[in-house]
Amino acid sequence: MTMETTKIKALLQKYFEGETSPAEEKMLEDYFNSGKVESSLQEYTPFFEGISALAGNNRDRALESDIMDFILESETKEKSKYRWLWQTVTGVAASVIIILGGFLYYQQQKSFDDTFKNPDEAYAYAVKTLGYVSGKYNQGLAGLSKFDKLQKATEPVKKGFAPVNEFYQTLEKLKSPAATNGIDKNRNEKSNDSI
């Protein structure tokens, strides 16, 4: 193997890992198009000849521009959809926090005195108050019935992440010492059975 062949093999390795500079790629193209390719590297010649042929073609700039415009427009639509969803969720969360904060502040400002001497009156008033709060709570929940639309909008994202989550769960199972110990125990039991 010559020094040049060793260098070309190293460049090929870098090329297929995506770490070559344009000058190194040009060097590879020139080598494989020179016709003086060592027999062990002949299999790469058609690949680099094809790349050279494609690079020599004049591309239709209008088509490239149209494709890039379509891609950018699609990304913008996708981002605006999620931006609307994010704004809605954060708006609801902020409203809940403000209401709870105001309620807690109001509660701290009041001094609590025993207002009822008779426990039956206190019980009746508590039932009345809880009924009022329950009614208001149910009215608030009725406004959140549109939350189902929000959940339906996030379903494609959840489905998209499902394979990734399964992959990571499988990796975790493989990494856990209990799983490997169980495998080792099974192997030991099988080997003991065969003895």
Does region 15-22 contain any residue that is part of a helix (DSSP H, G or I), at pLDDT below 80 and surrounded by 11 or more Cβ atoms within 10 Å (Cβ to Cβ)?
no
From the list GLY101, GLY91, pick out the single residue that is assigned to a helix (DSSP H, G or I) and over 16 Å from LEU150 (Cβ atoms).
GLY101
Would you mind stating whether VAL37 is within 30 Å of LYS158 (Cβ to Cβ) and in contact with a helix residue (DSSP H, G or I) (Cβ under 8 Å, 6 or more places away or on another chain)?
no
Residue, farthest from ALA153 (Cα to Cα), within region 92-119, restricted to residues that are of a type in the set (Gly, Ala, Ser) and over 23 Å from the mean Cα position of the chain (by Cα)
SER111
Some residue of region 34-56 being within 41 Å of the chain's Cα centre (by Cα), exposed (fewer than 10 other Cβ atoms within 10 Å of the Cβ), under 26 Å from THR5 (Cα atoms) and modelled with pLDDT of 75 or more:
yes
Does at least one position in region 116-135 carry a residue that is surrounded by 10 or more Cβ atoms within 10 Å (Cβ to Cβ), out of contact with any Gly (no Cβ under 9 Å at 6 or more places or on another chain) and at pLDDT below 85?
yes
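The values are calculated or read from the model by the stated rules, or taken from the named source; none is laboratory data. Nothing here was measured: the structure is a model prediction, and the numbers come from that model. Positions of Cβ are backbone-derived with ideal geometry, glycine not excepted, and every protein chain shown enters the neighbour counts.
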